[in-house]
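Contents: one structure, followed by commentary.
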Amino acid sequence: MKAALFLLTFYLISVFPASASENSHTEETSTAHIADLYSDLESFDVTLYSDKPEDNLNLEVLLVRPMGTNEKTLDRQVFSIDSIPVNKQVIKVGFWNAGSSERGAYKIKARLLEGNEVLSESEYNFAYGTNSASRLQVNDLVANSQGISVALSPKEASLFDIEYMLVNGSDVVYATKAEKLSLTSVPDIFSAPWGTLLENNKEYAGRVKIQVYSPDKEVISSAERFTARDDAEITDIYKDETGASATVYGRSQVPFEGKLVFSVYKLKANSEKGNSSLVESVQQRVPVLLNNDDETVEVAWSHRLPEGIYRLEIELLGNDGDVTEHRETVIESDLSQNSSVSLVNNTTSENETSDDNGLPGFSAAALVSGLATVFIFFRNKI
């Protein structure tokens, strides 16, 4: 009996701690946290991550300058975080208004808050204007409605990654990364198109974040603001006396929903614009275009243009009705009115011709055929 009680007690002691450990692990909760942080004196980005859905949070970011044992706050920005999806990064980007570009050490402090409770905080130290030269230099950056391009020159051979970001307010709405790029001794340009739709007349920022891996990990960033515009161009034109066509090529990630206006003017003796009269004008909608898309739009004149020289004007109108492009060319028609009438008169069928000495529509072949039938009939009778 004592032996059985001892074995039962030993079993319970060995089981309970394991069960408690498993329960504490499953009941553990994890919250959103700051996964990455970067800053220079121009801009910064904070990467947030959570393994469970979070919403209604705030992100506080400070730019400070160490002053001995004290710190001086140069700028403070607060962002509302509506939601952080499960297992998905959320990147917030901000632009400093520090009013200072003094050489020395700086620090960025970030805190993720739920009400007054601090869920996560992080710091990032960087220097500005130091003597340590970067292995890569950003010579120029262009961001527009099509995409983003950055010109880089190396101070020595380098391998690096470039992350391209499209920023709307403080949100990164599109990001793409090119890895294991290289420069040896010659400058080069690196580009990426936007892989998302843009809103017409809206301001965005294009930003690049370049990471060099050796000998030490180094990050360089640069940004440029731009206003998205619908844009397209006419690349090809065809025209004759029956109609015209124009091929339109999209040059923006703002959906182009414009129109083409074809106007034909009859030129008078000296062929000047002032001595011409409008013959016909046709307006046609252009199918929706994005960057690198093209469509051909055709129109037909209400009647063939008679003999003469005409001026054709083609206007490409944008989403707001503004003239995106204006093109002019000439149509030369050799179709005279007399020739068109004779074409109609010459379509009379041979079967409809009549002999002056015979019956209308009664041909010689029909007469011979009838006589042959009569001859055969009488021959059989004999």
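The values are calculated or read from the model by the stated rules, or taken from the named source; none is laboratory data. Predicted model, so just to flag it, every value in this text is computed and none were measured. Every residue, glycine among them, receives a Cβ derived from its backbone with ideal geometry; neighbour counts consider all protein chains shown. Ligands, DNA and RNA are stripped out before the accessible areas are found, and what is left, the full protein with its side chains, is counted by its heavy atoms. Shrake-Rupley method; radii C 1.70, N 1.55, O 1.52, S 1.80 Å.
Note down the net charge around Asp45, summing +1 for each Lys or Arg and -1 for each Asp or Glu among other residues with Cβ under 12 Å from its Cβ.
-2
Given H placed on each backbone N at 1.01 Å, which residues far from Gln253 in sequence or on other chains put an amide H within less than 5 Å of it?
It is Gln146, Asn291, by chain and number.
Quick one: which of 154-162, 140-148 comes out on top by average Cβ neighbours within 10 Å, and what's the full order, highest first?
Numbers: 154-162: 15.8, 140-148: 19.2.
Put in order of decreasing packing, that is 140-148, 154-162.
When the Karplus curve 6.51 cos²θ - 1.76 cosθ + 1.60 is applied with θ = phi - 60°, which whole-Hz ³J(HN,Hα) does each residue of segment 208-224 get, with x for Gly and Pro?
So the Karplus estimates, Gly and Pro as x, are 10, 10, 10, 10, 9, 9, 9, x, 10, 5, 9, 10, 10, 9, 7, 9, 8 Hz.
Put +1 on the Cβ of every Lys and Arg and -1 on every Asp and Glu Cβ in segment 24-173; which of Ser80, Gly115, Leu136 then has its Cα farthest towards the positive end of the dipole?
Towards the positive end, the residue furthest out is Leu136.
Relative contact order of segment 174-246, please, whole-number percent, based on alpha carbon pairs below 8 angstrom and at least 6 residues apart.
On the way: 62 pairs, mean separation 17.0, N = 73.
In percent, rounded to a whole number, it is 23.
Checking the cross-link filter: which lysines have an alpha carbon closer than 19 Å to that of Lys180, excluding same-chain neighbours under 8 positions apart?
Leaving aside lysines fewer than 8 places away in the same chain, those within reach of Lys180 are Lys155, Lys209, Lys217.
What whole number of Å gives the distance from the Cα centroid of segment 44-98 to the Cα centroid of segment 128-188?
23
For Tyr124, what charge total do you get from the other residues with a beta carbon under 12 Å from its beta carbon, if Lys and Arg give +1 and Asp and Glu give -1? Mind showing how you got there, number by number?
Values: positive: Lys107, Lys109; negative: Asp36, Asp40, Asp45, Glu121, Glu123.
Once positives and negatives cancel, what remains is -3.
Whenever you get a sec, compute what percent of the accessible area on segment 117-261 sits on carbon and sulfur atoms (1.4 Å probe). Could the numbers behind the result be given before it?
On the way: 3040 of 7120 Å².
Roughly 43 percent, rounded to a whole number.
May I ask for the net charge around His33, where only other residues with Cβ less than 12 Å from the Cβ of His33 are counted and Lys, Arg are +1 while Asp, Glu are -1? Provide the component values of the computation, followed by the final result.
Numbers: positive: Lys52, Arg111; negative: Asp36, Asp51, Glu54, Glu114, Glu121.
With Lys, Arg at +1 and Asp, Glu at -1, the net is -3.
Work out from phi, with θ = phi - 60° and the Karplus expression 6.51 cos²θ - 1.76 cosθ + 1.60, the ³J(HN,Hα) of each residue of segment 188-205, listed in order in whole Hz, and give x for Gly and Pro.
With the stated coefficients, segment 188-205 comes to 8, 10, 10, 9, 8, x, 6, x, 9, 7, 10, 9, 4, 6, 9, 8, 10, 10 Hz.
For Asp294 and Phe126, calculate 0.36 nm times their separation in residues minus their Cα-Cα distance, and state this gained length in nm to one decimal.
Values: separation 168, 0.36 × 168 = 60.48 nm, distance 4.68 nm.
Result for the pair: 55.8 nm of gain on full extension.
With a Förster radius of 35 Å, plug the Cβ-Cβ distance of Ile189 and Val330 into 1/(1 + (r/R0)^6) and report the FRET value to the nearest 0.05. Present the calculation step by step, with values, prior to reporting the outcome.
On the way: r = 40 Å, r/R0 = 1.14.
Using R0 = 35 Å, I get an efficiency of 0.30.
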